Every structure is written in C-alpha cells, then in structure tokens.
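Derivation of every value follows stated rules applied to the coordinates shown; laboratory data play no part. All figures in this text were calculated on a predicted structure; none of them were measured in a lab. Glycine gets a Cβ as well: all are built from the backbone with ideal geometry, and neighbour counts include every protein chain shown.
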Amino acid sequence: MDGPVEMADCVALYERVMGLRPDDGSLNPRLLTALQHNSGLVIGAYLGDELVGFTYSFLALEHGADGHGPRLYQYSQLAVVADERQGLGIGRLLKLGQRDRCLAQGTTLIRWAYDPLQTRNAHFNLDVLGAVVDAFKPALYGTSGFGAATGEPTDRFIVSWDLNGPARPAAPAPGPPPGGHHPGEVYDDGDDRIVVLPDDWHRLRAETGPDHAARLRGRLSHTFARLLTDRTAVSCVRLPDGLAAYRFVPRPAAHATIPRP
Ligand SMILES: CC(C)(COP(=O)(O)OP(=O)(O)OC[C@H]1O[C@@H](n2cnc3c(N)ncnc32)[C@H](O)[C@@H]1OP(=O)(O)O)[C@@H](O)C(=O)NCCC(=O)NCCS
C-alpha cells in the first residue's frame, strides 16, 4: 500500500482499535510512507475499499551472537484488525503477507513485542503463527500504558518468528490437564513448565482491584524472567474457569537470540 490517503486510513484505524485519547500520541502517516519506501513494510487488509487491518515493520540489524555475523530482520511494531472484524482470520492473513514480503526481501526473521498478560494475543502469536518468546522486557515503554492499560507497566515479551519454518506451526502444543489451577501457579509437565494466568487481564484487574492485580503481575513477571533464562514460551491456551496457560520448553542450543543492546 502507498499514498497519503492509505497511510492516513492506517493511522485512523490504529487510533480507533487502540482507543487512543488525544494525549496518548499516535502514528504519523509520513513515517509509514518513509518506512514503506526504505525497506520497512506497511501491509493493509481490505474488504472492498475498506481498510480492515494493517501491520507495519522496519528493517533491523542483529549483531552477531555466538560467532555468527550480523543478521537483518524485520521488527514489526504493530498489527491491528478492526474490532468488528477480529477473529475472522484477517490478522493471520496480514502476518502471512508480512512473511511473504520478508522472504521476497531476503529476510527470514520477524520480531515483535506484546504484553504477556494479553493471552488472546499470546495465543495468536504462539499457537496460530508459531512464533516463540525469546525475552521479557519489563516496562519497555514506561511505567504506564494507555487505554485499558493506563497505570500498568508496559511489560512486553519479545517474540521471534522464524520464516525458515513452515507457515503454520507443526502441531498445537498439548494443553495442560483440566481442573484445580490458580493464577500464578507454575508446574512441571515433563521437561516443560506451565504457567497459569488469568485469561482476561483487564477483567481480573477490574474485579480484584489494582493492588491485587499489581501483586499478581509482579509474581508472573518474576516467573517469566526466571523461566526465559533457559527456556522459550511456545504456546498459550485457554483453560476453563477464566484461566489460560503458557508452555515454556527448554531453549534449543541453536535458537536465535535477541539483539544485544
Ligand atoms: C491481535 C489481532 C491483530 C489478531 O487479528 P485477528 O484477525 O483477530 O486474528 P485471527 O482471526 O487471524 O486469529 C484469531 C486467533 O487469534 C486470537 N486472537 C487474539 N486477539 C484476538 C481478538 N481480539 N479477537 C479475536 N481473536 C483474537 C484468537 O484466540 C484466535 O485464535 P483461535 O482461532 O485459535 O481461537 C487482532 O485481534 C487485533 O487487532 N487486536 C487488537 C490490537 C492488538 O492487540 N494488536 C496486537 C498488538 S500490536
């Protein structure tokens, strides 16, 4: 996609889906144009003439780790689908479009960030697309988010999507056994670790209050940071009773690492 009208449509869609207020800051259509013309990727999904989703990314450089040379990848800053069109497969098509464009460009890795407590997003990234969580960045954008996340630290997982693999994950990771779990619980499943959390963070926060939510977030953050030292998260599935569960597996020795600062 290209042109000032298309880029302005992207900005408007972003503001609508994220529920941005005037002081929250936004995207700049000129930035999107500049990215599109300089190895970044701006990809839109249309139903007829209507823009119903878009994603944008920029070219990034990973310094060589473990004796490997530098590597180029796309860092995807955003993917949004119009509220009324979510859950219909548009997000997946957008990411597959991003994948195809990357491969055509000669890059075989896409990274992005998401809030680990947003379990539907986690499920989309890990189970639907087959990305894996590499790292945990507490308060990546500061100590308070915006919209429904106002007052909450902007903790983020960094995921890597290896485009050398198949476009679809090999098989969904098995879910944990049903029954008797509680948020914050960590248990073993063979060599894997399962972390239980609420499946709707904003509802949990509204129902139990900000202090309880902050304590639980703190506990989960501690667990995530500890597990990610030698593991990656490969799945996040819904459980009964308003819960969800991450699966952390031992980190393969040759797995890509996140860039050094
Ligand atoms: C995340 C997002 C881009 C996914 O796009 P989508 O078109 O809804 O996703 P798809 O229909 O291709 O895939 C749906 C899958 O993703 C999950 N998902 C994640 N967020 C979802 C949402 N808000 N609505 C519906 N499904 C969602 C579903 O669980 C579903 O998995 P399932 O089919 O196994 O049940 C979209 O929901 C969205 O714009 N969310 C709000 C903005 C956002 O958080 N963006 C990501 C961070 S930048």
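Taking 0.36 nm per residue of sequence separation and subtracting the Cα-Cα distance, how much length would be gained by fully extending the chain between Tyr46 and Arg168, in nm to one decimal? Don't skip to the answer; put the middle values down first.
Numbers: separation 122, 0.36 × 122 = 43.92 nm, distance 2.27 nm.
So the extension gain works out to 41.7 nm.
Give the Rg (one decimal place) followed by the Dmax (whole number) of segment 1-100, computed from C-alpha coordinates and expressed in Å.
Over segment 1-100's Cα set, Rg and Dmax evaluate to 14.9, 49 Å.
Tell me, in nm to one decimal, what length is gained between Gln105 and Leu88 on full extension, where the rule is 0.36 nm per residue of separation less the Cα-Cα distance? List each step's numbers first, then the result.
Numbers: separation 17, 0.36 × 17 = 6.12 nm, distance 2.79 nm.
The Gln105-Leu88 span can extend by a further 3.3 nm.
Would you mind getting me the FRET efficiency between Ala148 and His68? Use the beta-carbon distance for r and R0 = 30 Å, nearest 0.05. Intermediate values should be presented prior to the final figure.
Numbers: r = 40 Å, r/R0 = 1.33.
Computed FRET efficiency for Ala148 and His68: 0.15.
Using Cα pairs closer than 8 Å and at least 6 residues apart in sequence, work out the relative contact order for segment 111-169, in percent. Mind showing how you got there, number by number?
Details: 94 pairs, mean separation 25.4, N = 59.
That works out to 43 percent.
Tally Lys and Arg at +1 and Asp and Glu at -1 over the other residues with C-beta under 10 Å from the C-beta of Thr154: what net charge comes out? Don't jump to the answer; show the numbers that get you there.
Working: positive: Lys137, Arg156; negative: Asp115, Glu152, Asp155.
Spelling it out: positives minus negatives among the neighbours equals -1.
For the chain, what is the calculated [θ] at 222 nm in deg cm²/dmol (nearest 500), taking -39500 (n - 2.57) for each run of four or more DSSP H residues and dividing by its residue count?
Working: 6 runs with 71 residues, N = 261.
Counting only the DSSP helices, I get -8500 deg cm²/dmol.
Let me understand the chain better: what is its radius of gyration from the alpha carbons, and its Dmax, in angstrom?
18.5, 54
Testing the spin-label approximation: label points 7 Å from Cα along Cα→Cβ at Val186 and Thr229. State their distance in nm.
According to this spin-label approximation, the distance is 1.0 nm.
Can you tell me what the convex hull of the Cα atoms of segment 86-144 projects to on average, as an area in nm²?
Values: hull surface 19.8 nm².
Over every viewing direction, the Cα hull of segment 86-144 projects on average to 5.0 nm².
Considering amide H positions built from the backbone, and no H for Pro or chain starts, which residues 5 or more places from Leu228, or on another chain, come under 5 Å of its amide H?
Result for Leu228 returns nothing.
With an 8 Å cut-off on Cα pairs and a minimum separation of 6 or more residues, tell me the relative contact order of segment 25-148 in percent.
Working: 139 pairs, mean separation 21.8, N = 124.
Normalised by residue count, the contact order of segment 25-148 is 18 percent.
Given Cα pairs under 8 Å that are at least 6 residues apart, what percent is the relative contact order of the chain?
Values: 458 pairs, mean separation 40.3, N = 261.
RCO, the chain: 15 percent.
Full-extension gain between Ala8 and Ala34, please, as 0.36 nm times their residue separation minus the C-alpha to C-alpha distance. Working shown, then result.
Values: separation 26, 0.36 × 26 = 9.36 nm, distance 1.33 nm.
Contour length minus the Cα-Cα distance gives 8.0 nm.
Please give the direction-averaged projected area of the C-alpha convex hull for segment 95-199, in square nanometres with one decimal.
Working: hull surface 33.1 nm².
Hull-based average projected area comes out at 8.3 nm².
Over all directions, average the projected area of the Cα convex hull of segment 115-175 and note it in nm².
On the way: hull surface 19.3 nm².
Average of the hull's projected areas for segment 115-175 equals 4.8 nm².
Apply the Karplus curve 6.51 cos²θ - 1.76 cosθ + 1.60, θ = phi - 60°, to the phi angles in segment 161-166 and return the couplings in whole Hz, x for Gly and Pro.
10, 7, 7, 6, x, x
Would you grab the residues whose amide H sits under 5 Å from the one on Ala135? Only those 5+ places off in sequence or on another chain, please, with H modelled 1.01 Å from N.
Those qualifying (amide H under 5 Å, at least 5 residues apart or on another chain) are Ile158.
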